[in-house]
Amino acid sequence: MIRVLLADDEAMVRAGVRAILAAAPDIEVVAEAGDGREALELARAHRPDVALLDIRMPVLDGLGAAAEFRRVAPEVAVVMLTTFSEDEYITAALDSGASGFLLKSGDPYELMAAVRAVHGGASYLSPQIAHRVIQQVSGGRMSRQSAAKERIAALTPREREVLALVGAGLSNAEIGERLFLVEGTVKAYVSAALSRLKVRNRVQAALLAYEAGLVDGGS
């Protein structure tokens with residue numbers, strides 16, 4: 001079972017998300033919080049695999065909570081769940097270490113897909129969010145492409161190969177199958193690549209792979 005912690009200051013929203021996830025046989029909501037600080041406290045008690053965090057919450061908002069999760073519980077994959085899709089929220093969420101970004105207006109099945117994806121070591125963006133991120137990446141492409149290629153030059157050939165598959169959206173298990181490596185070895189390569197590139201998470205690594213032309217359609 002994938003253990004999920006849900007944080008949103010609106011009880012009706014929490015009830016709706018819980019009901020959606022209850023339909024998934026492999027997902028269980030183990031705790032609910034009304035703000036980011038409570039979410040961090042409940043995480044210590046319930047040890048979730050995934051935290052679904054609303055961006056706008058009292059006491060400590062989702063962005064602040066995501067940054068704290070990255071610091072004190074990096075094993076918890078964070079997905080931001082919000083009604084807002086402004087660019088500054090997207091950028092702030094990714095900078096805070098979130099592995100996913102979902103709009104509450106999206107398809108309920110996206111929620112299940114996102115939980116499964118980030119639990120498997122991949123990243124997940126709502127289609128609307130992915131489109132906006134690609135637009136941001138595409139603007140001023142040449143200068144960023146040159147800078148990205150310079151950055152990935154520090155990687156070993158195998159790390160670049162793994163980075164390209166991260167950019168394509170594959171999970172660690174899927175990368176292992178593609179490259180005939182055990183999942184633990186893939187995880188080590190991913191961690192090494194993120195460290196060398198000085199990026200915080202797989203989403204930022206995937207964007208860098210796209211900018212550098214490692215992903216189909218990115219050259």
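The values are calculated or read from the model by the stated rules, or taken from the named source; none is laboratory data. Small disclaimer: the values here were computed from a predicted structure and weren't measured. Backbone-built Cβ (ideal geometry, glycine too); neighbour counts: all protein chains shown.
In table form, for the structure just shown:
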item: Index of the failed condition, Gly16 passing every other in (1) part of a helix (DSSP H, G or I); (2) crowded, with 17+ Cβ neighbours inside 10 Å; result: (2)
item: Tally, over segment 77-105, of residues that are small (Gly, Ala, Ser) and surrounded by 24 or more Cβ atoms within 10 Å (Cβ to Cβ); result: 5
item: Candidate set: segment 168-194, residues that are among the charged types (D, E, K, R) and under 17 Å from the mean Cα position of the chain (by Cα); chosen: the one farthest from Leu214 (Cα to Cα); result: Lys187
item: Single match in Lys198, Lys149 (criterion: of a type in the set (Lys, Arg), surrounded by fewer than 19 Cβ atoms within 10 Å (Cβ to Cβ), at positive phi and not assigned by TED's automatic domain parsing to the domain that holds Val72); result: Lys198
item: Test set (1) surrounded by 22 or more Cβ atoms within 10 Å (Cβ to Cβ); (2) under 22 Å from Arg202 (Cβ atoms); (3) touching a residue at least 60 places away in the same chain (Cβ under 8 Å) - Ala51 fails condition number; result: (3)
item: Candidate set from segment 45-80 (those that are part of a loop (DSSP other than H, G, I, E, B) and hydrophobic (A, V, I, L, M, F, W, C)); member that is nearest to the chain's Cα centre (by Cα); result: Val76
